[in-house]
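A short worksheet on the structure shown next.
The values are calculated or read from the model by the stated rules, or taken from the named source; none is laboratory data. All of these numbers come straight from a predicted model, not from anything done at the bench. For neighbour counting, all protein chains shown are included, and Cβ atoms are generated from backbone atoms with ideal geometry for every residue, glycine included. Heavy atoms of the whole protein, side chains included, go into the accessibility calculation; ligands, DNA and RNA do not. Shrake-Rupley method; radii C 1.70, N 1.55, O 1.52, S 1.80 Å.
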Amino acid sequence: MKNTKTILCCLTSFLLLCFSSGLAFAQTEPIQLGVVTSLGYPHGKEGLVAVQMAVEEINSNGGVEVNGVHRKFTIASSDDRSAAPGVPVSDAVMALNKMIKQNDPVAILVGPYRSEAFLAGMDVLAENKVIELNSIAMSPKMEHKVKTDYDKYKYTFRVSHNAIQMANSIAEQFAYLKDKYDFNNLYIIKEDISWAHAVSKALAKKVKNMGYSVVGESSTALGATDYSMPLTKVRRSKAQSIAAIFSLPETATMVKQMHDMRIPALLAGYHSYIVPGHMWETMNGKVEYALVTAGELGLVPSEKYPKSVTFFNKFKKRLGHYPDADHSGASAYDSVYMLKNAIERAGSLNPDQLVKELEKADYMGVSGRMKFNDNHQVIYGDNPEKAACEVTFQWQDGERVPVLPKSISEGQIILPPWMKK
């Protein structure tokens with residue numbers, strides 16, 4: 001009998017030890033993050049690298065504290081091919097759903113590239129109550145969905161700019177050109193895709209209110225590599241400037257064609273793939289005078305906001321080259337820290353509690369101050385000390401010179417010598 005009691009006592013102690021060890025393990029297991037995006041394109045690929053960089057920094061400093069327990073982030077990634085021409089939206093949505101079912105992430109970061117896939121994926125997030133901090137897709141329809149059906153779509157946040165904010169930044173270019181050089185007309189050339197149509201529509205309205213005439217507009221097919229037809233229309237229209245609205249790599253060839261065709265207009269707008277710092281060499285200087293709005297100050301830094309310079313140098317070193325994408329990298333990096341802060345304030349991984357804490361976010365990021373509006377869109381402005389900040393630069397003598405907004409400007413917009421002033 002005494003031996004039986006001893007055995008039972010030992011067994012009980014052993015079970016308690018196993019239980020407590022298992023509980024401790026459960027408390028310290030990693031916090032899973034999911035990166036689902038178009039990994040074959042720079043915005044997605046570099047967004048993932050930025051997330052990895054932030055996660056490594058956080059983990060090396062003790063991880064995330066959840067109710068007194070330190071846990072580390074871990075990342076699972078998948079390629080949804082959402083940027084590739086011809087890939088159906090359903091494929092991207094399937095990739096998002098698969099990531100959630102197989103990895104159970106606390107949040108999706110970077111997110112689908114194309115707005116069509118991003119918007120469709122919001123239903124998957126709602127069904128599974130998984131947070132997304134998207135740093136690529138720009139359609140303002142996201143905010144409309146959050147506003148009109150908050151309880152369903154509250155799990156979706158955007159940490160980068162939307163199409164309206166981009167249109168505002170591009171409009172600043174034309175306000176400057178009108179004020180300094182008396183420009184009064186422009187021609188719009190854009191990709192035939194949802195976000196570009198939204199930017200074009202908003203921009204046309206803004207510049208017309210300034211007194212501009214939009215003398216023509218062309219849409220180009222995704223994957224197009226010949227822009228001679230719309231450029232010929234620009235020449236015939238006698239436009240003083242082109243408002244380019246492009247995001248895909250193939251569109252960089254338009255810059256070379258414009259130069260070779262001697263089109264007497266200033267290239268302006270948003271042209272994602274002439275943003276990278278290596279494009280001067282890549283295009284043999286044919287990007288000279290191009291005026292471009294880049295999505296994130298952290299990727300085209302200004303000495304007037306030192307945090308942007310620190311991040312840029314660190315990110316460039318990590319990549320081993322100039323960042324190719326104009327946005328996603330900086331905001332994806334910031335999104336990891338914003339999520340960490342939300343988890344620590346909530347003391348929980350509960351998605352509904354995390355939504356509430358993200359809504360309270362006030363974080364000084366690498367592109368400026370990061371705060372969300374009521375519809376879960378990061379607020380942009382013209383001063384990085386007060387809001388997230390886009391930057392417009394001009395290629396001048398091989399350098400990317402920030403020219404707008406004034407708070408971070410390091411130079412002025414100049415016209416090419418072949419243009420009449």
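With the structure loaded, tell me whether residue 181 is closer than 23 Å to residue 405 by Cβ and open to solvent by 20 Å² or more (accessible area, probe 1.4 Å) or whether it fails that test.
Working: closer than 23 Å to residue 405 by Cβ: yes; open to solvent by 20 Å² or more (accessible area, probe 1.4 Å): yes.
Against the criterion (closer than 23 Å to residue 405 by Cβ and open to solvent by 20 Å² or more (accessible area, probe 1.4 Å)), residue 181 qualifies.
Checking the structure you have, find out if any residue of segment 116-130 is among the polar types (S, T, N, Q) and either farther than 29 Å from residue 198 by Cβ or buried (at least 24 other Cβ atoms within 10 Å of the Cβ) (or both). Please lay out each step first, then the result.
As a first pass, look at segment 116-130 and keep what is among the polar types (S, T, N, Q): 128.
Now restrict to residues that are either farther than 29 Å from residue 198 by Cβ or buried (at least 24 other Cβ atoms within 10 Å of the Cβ) (or both): none.
No: zero hits.
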For residue 383: the one exception among (1) part of a loop (DSSP other than H, G, I, E, B); (2) under 18 Å from the mean Cα position of the chain (by Cα); (3) of a type in the set (S, T, N, Q)
(2)
When residue 240 is evaluated against the numbered criteria (1) within 28 Å of the chain's Cα centre (by Cα); (2) crowded, with 21+ Cβ neighbours inside 10 Å; (3) of a type in the set (S, T, N, Q), which criterion, by number, is the only one it fails?
(1)
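Please go through segment 308-324 and give me each residue that is touching a residue at least 60 places away in the same chain (Cβ under 8 Å) and open to solvent by 30 Å² or more (accessible area, probe 1.4 Å), ordered by number.
314, 318, 319, 324
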Return the pairs, sorted by first residue and then second, in which the second residue is surrounded by 16 or more Cβ atoms within 10 Å (Cβ to Cβ) and aromatic (Phe, Trp, Tyr), the first residue lies in segment 343-354 and is within 17 Å of residue 127 (Cα to Cα) and in contact (Cβ under 8 Å) with a residue 40 or more places away in the chain, the beta carbons are less than 7 Å apart, and the residues are 6+ apart or on different chains.
351/155
Filter segment 331-381 for residues that are open to solvent by 50 Å² or more (accessible area, probe 1.4 Å) and farther than 18 Å from residue 155 by Cβ and give the result.
344, 362, 364, 369, 371, 379
Can you confirm whether segment 213-221 contains a residue that is of a type outside the set (S, T, N, Q), out of contact with any His (no Cβ under 7 Å at 6 or more places or on another chain), closer than 22 Å to residue 114 by Cβ and modelled with pLDDT of 95 or more?
yes
With (1) open to solvent by less than 20 Å² (accessible area, probe 1.4 Å); (2) in a helix (DSSP H, G or I) as the list, and residue 157 as the residue in question, which single condition is left unmet?
(2)
Would you say residue 170 is at pLDDT below 95, farther than 25 Å from residue 339 by Cα and open to solvent by less than 50 Å² (accessible area, probe 1.4 Å)?
yes
Is there any pair with a first residue in segment 363-380 that is closer than 21 Å to residue 140 by Cβ and a second that is among the hydroxyl-bearing types (Ser, Thr, Tyr) and part of a loop (DSSP other than H, G, I, E, B) whose Cβ atoms are under 8 Å apart and which are 6 or more apart or on different chains, and what are they?
368/305; 378/160
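Table: residues versus (1) farther than 16 Å from residue 337 by Cβ; (2) surrounded by 16 or more Cβ atoms within 10 Å (Cβ to Cβ); (3) of a type outside the set (Val, Ile, Thr).
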residue: 29; (1), (2), (3): yes, no, yes
residue: 52; (1), (2), (3): no, yes, yes
residue: 57; (1), (2), (3): no, no, yes
residue: 75; (1), (2), (3): no, yes, no
residue: 95; (1), (2), (3): yes, yes, yes
residue: 101; (1), (2), (3): yes, no, yes
residue: 104; (1), (2), (3): yes, no, yes
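For segment 194-263, which fully contained helices (runs of 4 or more DSSP H) count at least 2 residues that are touching a Phe, Trp or Tyr at 6+ places or on another chain (Cβ under 6 Å) and without any contact (Cβ under 8 Å) to a residue 60 or more places away in the chain?
Details: elements: 194-210, 228-237, 253-260.
Counting at least 2 such residues, we get 228-237.
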In segment 386-421, the residues that are open to solvent by less than 20 Å² (accessible area, probe 1.4 Å) and assigned to a strand (DSSP E or B)
388, 389, 391, 392, 393, 394, 395, 402, 403, 404
Test residue 180 against the criterion of being in a strand (DSSP E or B) and either farther than 16 Å from residue 244 by Cα or touching a residue at least 40 places away in the same chain (Cβ under 8 Å) (or both), and give yes or no.
no
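Do you know which residues across segment 184-193 are in a strand (DSSP E or B) and either within 18 Å of residue 294 (Cβ to Cβ) or open to solvent by 40 Å² or more (accessible area, probe 1.4 Å) (or both)?
Within segment 184-193, the first condition is being in a strand (DSSP E or B), and the residues that meet it are 185-191.
Passing the criteria: 190, 191.
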Matching residues in segment 284-299 - criterion: being under 17 Å from residue 159 (Cα atoms) and either outside any strand (DSSP E or B) or open to solvent by 10 Å² or more (accessible area, probe 1.4 Å) (or both):
295, 296, 297, 298, 299
